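A short write-up of the structure that comes next.
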Amino acid sequence: MARRPVAVLISGSGSNLQALIDQSANASYEIVHVISNVAGAFGLERAARAGIPASVIDHRGFARRPLFDAALDQALRATGAELVCLAGFMRILGPELVTAWTDRMLNIHPALLPSFKGLHTHERALAAGVRVHGCTVHVVRPALDDGPIVVQGVVPVLPGDDAERLARRVIQVEHQAYPLALNLLTSGQARVAGDCVQVEPGTRTLIIHPDLSLAGPG
Ligand code: GRF
């Protein structure tokens, strides 16, 4: 079966982009284009190394957000992508753009949604004293960090953790969760049904960090 064309939006390091690239050879998706809103983003280097076309659309060149969103939409359409993955893309997209890509845009968030929407998720998880934390790959809806959940990754919060140590654990499950989620949707093993993502019974939708066994006697 032909692999489905996907565009990835980034702003920074692009380690999730790298995970998507690394898993794509055996997957039902193909990354056809990378767009960054930041010219120096290391993710652009990752795209170049993988031979994936990339472009920069700097949000600072637009007077208002809808103009940036319109330029982004036009660029995305030109790539031929059927799906868009936000992978550390640090701009909030307006409802018009999100609606134009309804059920065809994914995001990865470094927390177990619906907990800890927004920024500084690891600091807030530690402050709240939660014992498990993780990441969520979800279908994008106009509200921030909202939408049907495709895959979650769980990690323990261990005694002595600081935000940095916790972030290092979470990013490990992110790198497995995003390729899994994208592959589920592009292969048809998962499909969006209103506010939920439906999967066939027996389909894996959870990534468990090995350190979870350190969290205490089971
Ligand atoms: C990740 O933690 C992701 O969950 C969040 O932004 C970060 C991006 O990291 N949305 P990278 O650029 O993929 O390394």
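Considering the range 178-190 alone, what residues qualify as being touching a helix residue (DSSP H, G or I) at 6+ places or on another chain (Cβ under 9 Å) and within 16 Å of the ligand (Cβ to nearest atom)?
Keep residues of the range 178-190 that are touching a helix residue (DSSP H, G or I) at 6+ places or on another chain (Cβ under 9 Å), which gives 178-180, 182-183, 189-190.
Residues satisfying the conditions are 178, 179, 180, 182.
Read through the list (1) of a type outside the set (A, V, I, L, M, F, W, C); (2) more than 10 Å from the ligand (Cβ to nearest atom); (3) not in a helix (DSSP H, G or I), then give the number of the only condition that residue 13 fails.
Result: residue 13 fails condition (2) only.
Among 131, 77, 65, 124, which is the only one that is over 15 Å from the mean Cα position of the chain (by Cα), closer than 25 Å to residue 148 by Cβ and touching a residue at least 24 places away in the same chain (Cβ under 8 Å)? Break it down into steps so the answer makes sense when it comes.
Numbers: 131 fails: closer than 25 Å to residue 148 by Cβ; 77 fails: touching a residue at least 24 places away in the same chain (Cβ under 8 Å); 124 fails: touching a residue at least 24 places away in the same chain (Cβ under 8 Å).
So the residue among 131, 77, 65, 124 that is over 15 Å from the mean Cα position of the chain (by Cα), closer than 25 Å to residue 148 by Cβ and touching a residue at least 24 places away in the same chain (Cβ under 8 Å) is 65.
With the requirement that a residue be surrounded by 13 or more Cβ atoms within 10 Å (Cβ to Cβ) and more than 16 Å from the ligand (Cβ to nearest atom), what does the range 54-65 give you? Spell out how you get there, then give the answer.
First, pick out the residues of the range 54-65 that are surrounded by 13 or more Cβ atoms within 10 Å (Cβ to Cβ): 54-57, 59, 62, 65.
Those that are surrounded by 13 or more Cβ atoms within 10 Å (Cβ to Cβ) and more than 16 Å from the ligand (Cβ to nearest atom): 55, 57, 59, 62, 65.
Of the residues 171, 207, which single one is assigned to a helix (DSSP H, G or I), farther than 19 Å from residue 1 by Cβ, under 18 Å from the mean Cα position of the chain (by Cα) and within 16 Å of the ligand (Cβ to nearest atom)? Steps first, please.
Working: 207 fails: assigned to a helix (DSSP H, G or I).
Result of the check over 171, 207: 171.
Residue 147 versus (1) surrounded by 13 or more Cβ atoms within 10 Å (Cβ to Cβ); (2) on the phi > 0 side of the Ramachandran plot; (3) within 13 Å of the ligand (Cβ to nearest atom); (4) not in a strand (DSSP E or B): which is the lone unmet condition?
Evaluating residue 147 over (1) surrounded by 13 or more Cβ atoms within 10 Å (Cβ to Cβ); (2) on the phi > 0 side of the Ramachandran plot; (3) within 13 Å of the ligand (Cβ to nearest atom); (4) not in a strand (DSSP E or B) leaves (3) as the failure.
As an exercise: evaluate residue 92 against (1) among the β-branched types (Val, Ile, Thr); (2) more than 16 Å from the ligand (Cβ to nearest atom); (3) touching a residue at least 40 places away in the same chain (Cβ under 8 Å) and give the number of the one condition it does not meet.
Condition (2) is where residue 92 drops out.
Kindly indicate which of 25, 48, 2, 39 is without any contact (Cβ under 8 Å) to a residue 40 or more places away in the chain, small (Gly, Ala, Ser), more than 22 Å from residue 172 (Cβ to Cβ) and away from the ligand (no atom under 16 Å from the Cβ). Don't jump to the end; show me each part of the working.
On the way: 25 fails: more than 22 Å from residue 172 (Cβ to Cβ); 48 fails: away from the ligand (no atom under 16 Å from the Cβ); 39 fails: away from the ligand (no atom under 16 Å from the Cβ).
That would be 2, the only listed residue that is without any contact (Cβ under 8 Å) to a residue 40 or more places away in the chain, small (Gly, Ala, Ser), more than 22 Å from residue 172 (Cβ to Cβ) and away from the ligand (no atom under 16 Å from the Cβ).
Using the structure shown, decide if residue 133 is part of a strand (DSSP E or B), more than 17 Å from residue 17 (Cα to Cα), in contact with a Leu (Cβ under 9 Å, 6 or more places away or on another chain) and within 14 Å of the ligand (Cβ to nearest atom).
Details: part of a strand (DSSP E or B): yes; more than 17 Å from residue 17 (Cα to Cα): yes; in contact with a Leu (Cβ under 9 Å, 6 or more places away or on another chain): yes; within 14 Å of the ligand (Cβ to nearest atom): yes.
Spelling it out, residue 133 is indeed part of a strand (DSSP E or B), more than 17 Å from residue 17 (Cα to Cα), in contact with a Leu (Cβ under 9 Å, 6 or more places away or on another chain) and within 14 Å of the ligand (Cβ to nearest atom).
Read-outs throughout are calculated quantities, based only on the coordinates presented, and are distinct from any laboratory measurement. This is a predicted model, so every value here is computed, not measured. Using ideal geometry, Cβ is built from the backbone for each residue, glycine included, and neighbour counts are taken over all protein chains shown.
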